Amino acid sequence: MSGKIVLLAGLEAEPDDRALLAACAEGNEEALKLLFRRHQPVIRRFVSRIMGGRQEDVDDVVQTTFLEAWRSAEAFAARSTVRAWLLGIAANVSRRHHRGRTRRERFLALLARRPVPPGPLDPCEALTRQQLVERVRAGLSELPHAQRVAYVLCELEELPGTEAAAAVGVKPGTMWRRLHEARKALREMLERDEGTP
Amino acid sequence: MTCPDFDLISRLRGHVGFDGLLDAAQRAALEAHVGGCSRCSKELRLLEAQKDAASALRPEASDDLSLRRAETELVARAREPLEPRRWGSGRVAMVATAAAFAMILAVLGRASLEEEPGALRLGHVEAEHGVRMALDAEGPQEWVRLSSGRILVEVQHLEPGQRFGVSTTDAEVEVRGTRFEVEAERGMLRAVRVEEGRVEVRWQDEAPVLLVPGERWSLEGLNPAAERAFRTAFADLEDGRAREAAKGFARASGLAPAGAASEDARYWRGVALARAGLRQPAVEAFGRYLSLHGEAPRAPEVHVFLGKLLLDGGRVRAAAEHFEVALTLGDAELRPKAEVGLQEARRREARREPGDF
């Protein structure tokens, strides 16, 4: 897919993210498309990990995230990267989306989706890994939203701590505490599961 | 060196962008210990395995066709003032009135101003210049989705089943016959001020806060209503009315969740709940304090409080972890208390009292 768009009369460029947002703020739909193409894989992966639920929910949240970005493009304050900013929006949109669903619905959605099997491993190893993936998935879904966001942003999306903190509008110390608590809670859940016959 | 608790293991593993989790001496001592300790090495490996397993959680791949479809749909939604798929196909209208205000329905400020006085049945909205928002009406529900700027809302008496509110990406403000002002930035709620009636603010995971005329909810900064609530709660605590105090401190932090007094209020709420004998709510309150203010100067003290409460509740292992953190982070005055607590926790763990975990 070509990333070239005409942003300004006579100027063809491979725009960086900030230029794309500036163009979005001007109402340039091509810029919105390019922003979407460029970042939707990361946002989709993030939302999927945060929500752990049905694909249509994930897609809806992803689309709403870009719609919010389009509407707020002018307000982007460049305190973080555009990617981190989008992740912050996605975190908020997914929280709001999630609130409407009951715990049971989430649980059923969890059961309905099976992860893609990992790469070529020994069958026993693969089974152990698959079980671990399932337990981590269940563990993540039990975390409070803020901790889940911290874990996925820092640990899985590998955003630097300060950037993750800026993305969701908290201090770095708070983000660290959330990450640590998420790690701790997951560890305790895994430990508890191991003790379950 | 005895095995460090999980807090220190987690700090040792750290994360890029978080500095100062350990000083050089602590790091060197921990690395030396972990290098020769199978238990601690296993803890670190478990953290990696946890991350590795979580990394396998990925969405189903999108093919090019569905991607194009999503892109087309996104652009179509961006052109509309509403999000029909999410909010339904209800009637949408905007009301522009006061001369001092300009009402702009914002899809990036590109026109789409639809004036239809009276079509918004339940409420009346005035917006400052530059406000970004969308209105959504479906049946007996009307919502203003505010992205940025300040609006003044007036709502007539609502019949049973009717709802009117303002939402941002992080909060909802719902009313029952009132006049109030709402301000947002980057889709996030910044402030709410009530002129008439009552408004309930539900922000993130905080408990809902009810505002009465003259009161203001603000995310940050000084908030007179929050300060009043704090002072009243503190007086209640001093007079032995611990339960009332706990409610008051909750209200004080709820009125300005990131405000100047919110850390104080959360701390004292934990103290009040503990004094009221409400152990589990106190544990939760202090846990919330640490999740929000884990780097605050009072955090080591809160770890000791939590340790004591958990110990009283028979959760000796969790108690020991908090005492250990307090020992690591606390000052010379706090360390003896943490040491006593830790010894007691270890003594009880060694005895394996029934119900301990």
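The values are calculated or read from the model by the stated rules, or taken from the named source; none is laboratory data. Just so it is clear, the structure is predicted and the values come from calculations on it, not from any experiment. Backbone-built Cβ (ideal geometry, glycine too); neighbour counts: all protein chains shown.
Structural remarks
- Search result, residues across the range A:168-187 that are of a type outside the set (Lys, Arg) and facing chain B (nearest Cβ under 7 Å): A:GLY169, A:PRO172, A:GLY173, A:THR174, A:TRP176, A:LEU179, A:HIS180, A:GLU181, A:LEU186
- From the list A:LEU87, A:LEU20, the lone residue that is at pLDDT 90 or above, within 30 Å of B:VAL131 (Cβ to Cβ) and surrounded by 21 or more Cβ atoms within 10 Å (Cβ to Cβ) is A:LEU87.
- Among the residues of the range A:138-162, those identified as facing chain B (nearest Cβ under 7 Å) and surrounded by 23 or more Cβ atoms within 10 Å (Cβ to Cβ) are A:LEU140, A:CYS154.
- Taking the range B:230-241 as the range and being part of a helix (DSSP H, G or I) and surrounded by fewer than 19 Cβ atoms within 10 Å (Cβ to Cβ) as the test, the residues that pass are B:ARG231, B:THR232, B:PHE234, B:ALA235, B:GLU238.
- B:LEU342, sole failed condition from (1) over 30 Å from B:PRO213 (Cα atoms); (2) more than 18 Å from the chain's Cα centre (by Cα); (3) surrounded by fewer than 19 Cβ atoms within 10 Å (Cβ to Cβ): (3)
- Restricting A:ARG113, A:ARG106, A:ARG95, A:ARG49 to those that are closer than 15 Å to A:VAL152 by Cα, among the charged types (D, E, K, R) and modelled with pLDDT under 80 reduces the list to A:ARG95.
- Subset of the range B:1-11 that is in contact (Cβ under 8 Å) with a residue 12 or more places away in the chain and over 14 Å from A:ARG177 (Cα atoms) - its residue that is nearest to the other protein chains (Cβ to nearest Cβ): B:ASP5
- In the range B:252-308, residue surrounded by the fewest Cβ atoms within 10 Å (Cβ to Cβ) [restricted to those that are among the polar types (S, T, N, Q) and within 14 Å of chain A (Cβ to nearest Cβ)]: B:SER291
- Pick from the range B:166-184, criterion surrounded by 21 or more Cβ atoms within 10 Å (Cβ to Cβ) and more than 20 Å from the chain's Cα centre (by Cα), ranking: farthest from B:VAL194 (Cα to Cα): B:VAL175
- Test for B:GLY214: is it more than 23 Å from the chain's Cα centre (by Cα) and surrounded by 17 or more Cβ atoms within 10 Å (Cβ to Cβ): no
- Residues located in the range B:15-35, provided they are farther than 19 Å from B:GLU48 by Cβ and not in a loop (DSSP other than H, G, I, E, B): B:ALA24, B:ALA25, B:GLN26, B:ALA28, B:ALA29, B:ALA32
- Residue check for B:ALA338: farther than 23 Å from B:ALA258 by Cβ and of a type in the set (Gly, Ala, Ser): yes
- Selection from the range B:110-139 of residues that are under 23 Å from B:GLU195 (Cα atoms), at pLDDT 50 or above, in a loop (DSSP other than H, G, I, E, B) and of a type outside the set (D, E, K, R): B:LEU120, B:LEU122, B:HIS129, B:GLY130, B:VAL131
- Looking only at residues of the range B:242-251 that are surrounded by 21 or more Cβ atoms within 10 Å (Cβ to Cβ) and aliphatic (A, V, I, L, M), we find that the one that is farthest from B:VAL209 (Cα to Cα) is B:ALA245.
- Selection of first residues in the range B:201-228 that are away from chain A (no Cβ under 13 Å) and closer than 13 Å to B:LEU189 by Cβ and of second residues that are outside any helix (DSSP H, G or I) and small (Gly, Ala, Ser), restricted to Cβ pairs under 6 Å at least 6 apart or on distinct chains, gives the following pairs, ordered by first then second residue: B:SER218/B:ALA191; B:SER218/B:ALA256.
- Applying the condition of being in contact (Cβ under 8 Å) with a residue 24 or more places away in the chain and under 20 Å from B:ALA296 (Cα atoms) to the range A:163-173 and asking which residue is surrounded by the most Cβ atoms within 10 Å (Cβ to Cβ) yields A:ALA164.
- Of all residues making up the range A:56-69, the number that are without any contact (Cβ under 8 Å) to a residue 24 or more places away in the chain, facing chain B (nearest Cβ under 10 Å) and more than 22 Å from A:GLU26 (Cα to Cα): 2
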